[in-house]
1. Label-point separation (nm) for Lys128 and Glu102, each offset 7 Å from Cα along Cα-to-Cβ?
2. Using only helices, what value at 222 nm comes out for the chain when you add -39,500 (n - 2.57) per DSSP H run of length 4 or more and divide by the total residues, to the nearest 500 deg cm²/dmol?
3. Between Arg157 and Ala41, what length in nm is gained on full extension when 0.36 nm per residue of separation is reduced by their alpha carbon distance?
4. Using a cut-off of under 19 Å, list every residue of region 74-111 whose amide N is near the label point 7 Å from the Cα of Lys2 along the Cα-to-beta-carbon line.
5. Take the Cα gyration tensor of the chain, multiply each eigenvalue by 5, square-root it, and list the three semi-axes largest first, rounded to whole angstrom.
6. Between Lys91 and Glu9, what FRET efficiency follows from the Cβ-Cβ distance if R0 is 41 Å, with the result rounded to 0.05?
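Bear in mind these aren't lab numbers, they're just calculated from the coordinates by the rules spelled out. These numbers come from a predicted model, not from an experiment. Cβ placement follows ideal geometry from the backbone for every residue including glycine, while neighbour counts extend to all protein chains displayed.
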Amino acid sequence: MKPQIGISEKNLNNVISCLSTALANEMMLYVKTRKAHWNVAGESFMELHKLFENQYKQLEESIDEVAERIGKLGGKTIGTMQEYCKLATIKETPGKYPSTKEMIKELLKDHETIIIQYRKDVENCSEKYKDAGTADFITSLMEQHETIAWTLRRYLR
């Protein structure tokens, strides 16, 4: 049964598409952050190991919230690695094990890429698709990524 929540079916489909890309990016970043957690080494090993663990746990919660938002809007939630890889705008780096500093730079770049995309998504959801709820939801996700990006940036000073 389609939700009757004051948003046209076309706009709901556009919002669900936007959220599916967000889900793919959140999942991709989750996997990349776990990889960093598992492979970090050096002077600040334990500090960064715990930092990355905290970040991937935060991403795990976001993943679930995005998936549930898709369901609330009447959509089917993607759930395979093939779908995530197809929709994600951030990409994996298989076979590469960068230095700790390069790991942080890569994760920072990914968070900033997501932040930029979320700014566009907030505007589209609010103005174009008339879905203030999803605009607010994505704003909250964006703010989480801004905090993580800020934290990672501090390690590169």
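1. 3.6
2. Numbers: 5 runs with 114 residues, N = 157.
So the calculated ellipticity at 222 nm is -25500 deg cm²/dmol.
3. Numbers: separation 116, 0.36 × 116 = 41.76 nm, distance 1.87 nm.
Computed gain between Arg157 and Ala41 is 39.9 nm.
4. 74-77
5. Details: eigenvalues 195, 47, 29 Å².
Semi-axes (√(5λ), whole Å): 31, 15, 12.
6. Details: r = 32 Å, r/R0 = 0.78.
With a Förster radius of 41 Å, E is 0.80.
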